[in-house]
Amino acid sequence: MTETKKNHYSPRFANRPWANQNGLMIKYTRSPTGQLIRHRTGPIEWGQEEGLYPQELENALANLERIVAPVYRCFLTKQPLDLRQRLLWSHWLLCQYSRTPAFIVDFAKLEEDILAQFPNPTQWAAEINTEERLKSALDNISSTTTSKKLVPFLAVRDWVVCEAAADSCFLRTDDPVVITGSLVREKTQILYPLSPRQCFVATVLGKFPPSAFLGSYQLSHGESLQIFNLTTSRAEREVIVHPDDDTENLRTMLQGAFCIPPGHFKVGGVPDLRQE
């Protein structure tokens with residue numbers, strides 16, 4: 001089997017809604033001084049890093065992507081889901097959450113900024129068992145890919161596909177799944193932009209326990225802005241924008257929302273999947 005040199009942590013099928021008919025997407029990164037830098041990219045080029053996963057894990061993730069892609073299309077086209085698809089989607093979101101470079105580094109507890117300041121950090125890195133910590137982070141992805149223990153915490157929630165207001169949009173970030181608290185908490189929400197116009201939200205509507213409702217909701221301008229700011233603020237390094245939404249107004253919004261993220265575990269706020 002051919003070895004994969006560049007591993008996608010954001011699958012191509014999930015990137016494509018942000019591309020125009022020519023396959024063009026706009027990527028924004030932040031400079032060291034905080035300025036927005038604009039690039040051109042595409043669904044294949046964006047959301048990948050060389051040597052991110054071992055081949056065995058890459059193969060497992062590719063297989064999961066193959067069977068979840070039709071479920072993704074169901075959300076985009078507002079088709080109902082059966083129980084199997086609902087469970088598969090829950091599994092997929094948890095896997096997507098734990099496979100990003102930001103999560104892997106944070107899980108491994110590597111002091112990346114400190115390492116970068118040393119001309120030859122090999123000896124120092126060895127002292128903190130860098131290789132073992134990274135292996136533990138990758139093992140966590142593997143267990144999330146195969147384990148179903150966490151799935152019920154997401155599957156039983158009410159699911160809403162939120163439609164952006166006419167003058168609003170959603171971005172895709174390099175840390176696309178936002179979980180606002182511990183999965184066991186009633187008020188925790190899980191957000192995942194599906195396209196520039198649609199965002200998946202798992203929540204509890206009304207009283208607990210939820211009823212596993214699936215529906216859609218038209219957001220107001222203010223509600224769209226809230227989701228835009230929340231999802232964009234969790235970006236680690238990059239966001240992508242559909243070319244049709246790449247306006248001066250959007251860049252102004254990005255200046256306020258696209259900031260340095262707090263990390264997955266440093267403040268609390270999101271579930272530590274190591275304890276599940």
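A few remarks follow.
- Candidate set from segment 170-195 (those that are under 17 Å from ARG157 (Cα atoms), over 12 Å from the mean Cα position of the chain (by Cα) and not small (Gly, Ala, Ser)); member that is modelled with the highest pLDDT: GLN189
- With respect to being under 15 Å from SER168 (Cβ atoms), out of contact with any Lys or Arg (no Cβ under 7 Å at 6 or more places or on another chain) and modelled with pLDDT of 85 or more, GLN198 fits the description.
- Among the strands (runs of 3 or more DSSP E) confined to segment 1-112, there are none with at least 3 residues that are farther than 28 Å from SER216 by Cβ, over 18 Å from the mean Cα position of the chain (by Cα) and at pLDDT below 90.
- Filter result for the condition that a residue is out of contact with any Pro (no Cβ under 6 Å at 6 or more places or on another chain) and aliphatic (A, V, I, L, M), over ALA19, ALA69: ALA69
- Residues that are in contact (Cβ under 8 Å) with a residue 24 or more places away in the chain, under 29 Å from VAL156 (Cα atoms), of a type in the set (Gly, Ala, Ser) and touching a helix residue (DSSP H, G or I) at 6+ places or on another chain (Cβ under 8 Å) do occur in segment 56-67, at least one of them.
- Taken over segment 1-45, the criterion of being small (Gly, Ala, Ser), more than 13 Å from ASP246 (Cβ to Cβ) and in contact (Cβ under 8 Å) with a residue 12 or more places away in the chain is satisfied by SER10, ALA14, GLY23, GLY42.
The values are calculated or read from the model by the stated rules, or taken from the named source; none is laboratory data. All figures in this text were calculated on a predicted structure; none of them were measured in a lab. All Cβ positions, glycine included, derive from the backbone under ideal geometry; neighbour counts span all protein chains shown.
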